[in-house]
1. Among the residues of region 30-56, which ones are of a type in the set (Phe, Trp, Tyr) and in contact (Cβ under 8 Å) with a residue 24 or more places away in the chain?
2. From Val59, Val73, which residue is out of contact with any Asp or Glu (no Cβ under 6 Å at 6 or more places or on another chain), surrounded by 17 or more Cβ atoms within 10 Å (Cβ to Cβ), at pLDDT 95 or above and assigned to a strand (DSSP E or B)?
3. What number of residues in region 1-53 are of a type in the set (A, V, I, L, M, F, W, C) and either under 13 Å from the mean Cα position of the chain (by Cα) or at pLDDT 95 or above (or both)?
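The values are calculated or read from the model by the stated rules, or taken from the named source; none is laboratory data. Everything numeric in this text was worked out from a predicted model, so none of it was measured. Don't worry about glycine lacking a Cβ; one is built from the backbone with ideal geometry, like all the others, and counts go over all protein chains shown.
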Amino acid sequence: MRMFAVAAFAVAFVGSNALAWDGVDSSTGGAVEIEKGNLVRRGETIEIYDSSSGSYRDVDVESIQRYGNSVEVEVYDSESGEYRTFEMEDD
């Protein structure tokens, strides 16, 4: 049992230090990063860095789909009023 607790702590600690998740906005071709610490699940609000605008934005996750070696994340950007699709790297 103690070994399980140590392993769980190690996974949680290492996971919390993960880097941002890199991807591309499929409509603009601009780079996007989903910042670390975000729970990327349908219905969640996440923080992204949008290199096209040079700013951080909060967006709502609408759907997540895996396609081969990439993950498609569809979000709603309430600031712009647009739905956006990100093609994220699947390391």
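1. Step one: of region 30-56, the residues of a type in the set (Phe, Trp, Tyr) are 49, 56.
Hit for region 30-56 is Tyr49, nothing else.
2. Details: Val59 fails: out of contact with any Asp or Glu (no Cβ under 6 Å at 6 or more places or on another chain).
On inspection, the qualifying residue turns out to be Val73.
3. The initial filter retains those residues of region 1-53 that are of a type in the set (A, V, I, L, M, F, W, C), namely 1, 3-14, 18-21, 24, 31-32, 34, 39-40, 46, 48.
Still in the list and also either under 13 Å from the mean Cα position of the chain (by Cα) or at pLDDT 95 or above (or both): 18-21, 24, 31-32, 34, 39-40, 46, 48.
Summing the residues that are of a type in the set (A, V, I, L, M, F, W, C) and either under 13 Å from the mean Cα position of the chain (by Cα) or at pLDDT 95 or above (or both) in region 1-53 gives 12.
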